Amino acid sequence: MISYKAAVITCSDRAAADVYEDRSGPVLRDALAGLGFDVAEAVIVPDDVERIADEIEQAIEAGARVIMTTGGTGVGPRDVTVEATLPLIDYQLPGLMEEVRRRGAEKTTKSLLSRGVAGVVSLLGYPRALVINAPGSRGGARDTIAVVGDLLHHIVDQLDGADHDMD
């Protein structure tokens with residue numbers, strides 16, 4: 001299996017200001033490493049559309065094929081991760097986040113408030129990459145990786161033109 005690069009970007013004013021510890025980013029980084037990804041160093045940015053979009057682009061430029069953001073997907077006034085991500089996406093993979101929300105709703109209906117998206121980003125001169133907006137809680141991060149984990153290598157292979165597995 002090819003070892004792809006991955007990045008995790010925590011989007012949180014409070015974590016960026018060291019008001020509290022980033023707890024969902026490490027969940028995603030550890031899970032991605034456990035799935036065989038070469039995971040970049042931790043990145044924590046405030047809830048700012050331009051900063052988040054810049055970090056996603058920088059991760060792709062650094063070779064990440066999977067970028068997972070955590071935080072900023074709710075309905076609060078500073079929840080802007082989706083707004084930072086959508087302009088970068090060429091096309092969405094809505095089933096991924098629909099399933100994350102469904103699984104989360106089995107535990108708490110608050111998971112239905114997540115607006116996170118998943119989609120493919122194409123930056124000129126770089127291989128296409130998958131971006132996924134996970135909720136900012138540890139539970140939301142675990143739900144996200146539980147849904148997408150087994151699919152990530154397959155998705156990147158597909159982005160590179162691999163044939164569909166006909167099992």
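Some observations on this one:
- Here the label points at Ala17 and Leu86, each 7 Å from Cα along the C-beta direction, are separated by 2.6 nm in the simple model.
- Sites Ser122 and Arg78, calculated FRET efficiency, Cβ-Cβ separation with R0 22 Å, nearest 0.05: 0.20
- For region 123-149 and region 11-28, distance of Cα centres in Å: 16 Å
- Spin-label pair Glu98/Asp38, simplified geometry with 7 Å Cα→Cβ offset, distance in nm: 3.6 nm
- For Ser111, the solvent-accessible surface with a 1.4 Å probe is about 30 Å², rounded to the nearest 10.
- When a 1.4 Å probe is rolled over the protein heavy atoms, the share of accessible surface on the chain that falls to carbon and sulfur comes to 52 percent.
- Note on region 1-137: semi-axes of the ellipsoid equivalent to its C-alpha gyration tensor, largest first and rounded to whole Å, are 21, 17, 16.
- Note on Gln58/Leu113: beta-carbon distance plugged into 1/(1 + (r/R0)^6) with R0 of 35 Å gives a FRET efficiency of 0.75.
- Charge context of Val75, other residues only, Cβ under 14 angstrom, K/R +1, D/E -1: +1
- Rounded accessible area of Thr109 (nearest 10 Å², 1.4 Å probe): 100 Å²
- Label-point gap, in nm, between Ala146 and Asp160 - each point 7 angstrom along Cα→Cβ: 3.0 nm
The values are calculated or read from the model by the stated rules, or taken from the named source; none is laboratory data. Keep in mind that this is a model prediction, so the values were computed, not measured. Backbone-built Cβ (ideal geometry, glycine too); neighbour counts: all protein chains shown. Side chains are part of the model used for accessible areas, which takes the heavy atoms of the whole protein and leaves out ligands, DNA and RNA. Shrake-Rupley method; radii C 1.70, N 1.55, O 1.52, S 1.80 Å.
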